1. Got a number for carbon plus sulfur as a percent of the range 1-98's accessible area, 1.4 Å probe?
2. For the pair residue 149 and residue 252, what calculated FRET efficiency results from E = 1/(1 + (r/R0)^6), where r is the Cβ-Cβ distance and R0 = 35 Å, to the nearest 0.05?
3. Please give the per residue accessible area of the range 135-229, computed with a probe of 1.4 Å over protein heavy atoms only, in Å².
4. Mind checking which of 75, 42, 19 is farthest towards the positive end of the range 3-79's charge dipole, using Cβ charges of +1 (Lys, Arg) and -1 (Asp, Glu) about the Cα centre?
5. Given the options 14, 225, 168, state which has the largest fluctuation in a GNM of the chain using a 10 Å cut-off (strictly under) for Cα springs.
6. Normalise the Debye intensity by I(0) for the range 86-173, one equal point scatterer per Cα, no solvent, then take log10 at q = 0.13 Å⁻¹ and round to two decimals.
7. Run the helix sum for the chain: -39,500 (n - 2.57) per DSSP H stretch of 4+ residues, divided by residue count, reported at 222 nm to the nearest 500 deg cm²/dmol.
8. May I ask for the angle, rounded to the nearest 10°, between helix 243-260 and the longest principal axis of the chain, with both axes built from Cα atoms and the value confined to 0 to 90°?
Amino acid sequence: MNTLNRREHGTVSVVIPAYRAAATIARAIDSVLAQTHAADEILVIDDESPDDISGVLEQYGDRVTLIRKSRGGAASARNHGIELATGEFVAFLDADDHWLPEKLEQSVRQFRKRPNLVYVAGRYVVQGAAATPVRIAGPEQSQCNRPLRASGPTFLEFAQATSTPTVVARRRQLAEFRFDVTLTTAEDRDLWLRLLGKGEVIFLEEPLTIVHVRPDSLSHANIDVDCTCMLRVLSRYRTILGTLSFNRESSLVHYRWAVGRCSGWSALG
């Protein structure tokens, strides 16, 4: 797709937060450069990473913009990327994940069909340490390829089905919202809950994102932090979720917290 047609159909800014990502970020960037709908800018936000990200990025020249900031975490890095993005759409990709070539094309196509869409997400392939597919995750197939509008308990259902590296959102919607930097985890679910109140969402059935699971990720390594943040999010949206949904989901979080780690028994105290 040439530059003129790309502008007619939607310009895209890709935001990639990077921390200890020198070993994987080339794979992520290569997958962006291989898109059938080319990205207009690739913003790599160096969140004061201790490894040599700049050395890896030299090979890409001006096709990639490296932005350095003081350490603030993934939410802060993504927010900084949103503030600097110029595209009509903002696509989020993590430095250790990658996309299949039609990811952006299929996402932008949905926006052109449906003006009320706030974001497009989708199913995705989960890979383990051996780089072999483990499973397909995300929304149920029955929820895919059609516009959905959240109400009541489905706010949380849709937010939990949304994985950040699958998301392409309208930048004008993101201008109103940001990732909550006070949440160490669950900041993504918090943002999707807010965006879901602004319009429709579509989940693509075809898995076009490969998510590489690391055992040292924060939600795996510190279940106390993860569950505490999720309970804060649930409390924040208690009214729209409804009492039954709020009580059920809170109980599930407490159960996971209690049995997930020995330190998690504090959840029952």
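The values are calculated or read from the model by the stated rules, or taken from the named source; none is laboratory data. Computed from a predicted model, the values in this text were never measured in an experiment. Heads up, the Cβs are rebuilt from the backbone with ideal geometry, glycines too, and the neighbour counts pull from every protein chain shown. Heads up: the accessible areas ignore ligands, DNA and RNA and are worked out on the full protein's heavy atoms, side chains in. Shrake-Rupley method; radii C 1.70, N 1.55, O 1.52, S 1.80 Å.
1. For the range 1-98, the apolar C and S fraction of the accessible surface comes to 45 percent.
2. 0.90
3. I get 41 Å² per residue for this part.
4. 75
5. 225
6. Debye intensities relative to I(0), on a log10 scale: -0.46.
7. After summing the helix terms and dividing by residue count, I get -11000 deg cm²/dmol.
8. The two axes meet at around 90 degrees.
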